[in-house]
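See structure below.
Just so it is clear, none of the values below were taken in a lab; they were calculated from the coordinates. All values derive from a computational prediction rather than experimental measurement. Glycine gets a Cβ as well: all are built from the backbone with ideal geometry, and neighbour counts include every protein chain shown.
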C-alpha cells in the first residue's frame, strides 16, 4: 500500500503527536521523521522505515483511507465502547 505524506501528518494531528512522538513510537530518529515529512507526495524512505511509521500510527488507533474517489485520508478507529 502506498501512503501519502499528508496522511502521515494528518494522522499525527489526530493523535496529537509531534514529530518527536512519532519518531519515538516508530523507533526512528527524529531527523528521519523530519526529513520524510519535509517532502510532498508519497512517503519515501526504506520499506522498513515506512512500515515502522505505518505500524506506529495504526497501533495508536488511526486507519488509513485510500483513494476511493474522495481522495486518501485518515480517521480514528472506533473504540467499540459506547459513549454515555
**Report entry** Protection proxy ranking of 39-46, 11-18 - average other beta-carbon atoms within 10 Å, highest first
**Finding:** 11-18, 39-46
Query - √(5λ) per eigenvalue of the Cα gyration tensor, the chain, largest first, Å - result: 21, 16, 11
Report task. Using only Cα atoms, tell me the angle between helix 5-15 and the longest principal axis of the chain; keep it within 0 to 90° and round to the nearest 10. Result -> 50
Query - Contact order relative to length of the chain, as percent, for alpha carbon pairs under 8 angstrom and 6 or more apart - result: 32
Requested in this report: Quickly work out the residue 35-to-residue 5 label distance, labels modelled 7 Å from Cα along the C-beta direction, and quote it in nm with one decimal.
Outcome: 1.3
Report summary line: FRET efficiency for residue 77 and residue 21 from the Cβ-Cβ distance with R0 = 22 Å, rounded to 0.05, comes out at 0.75
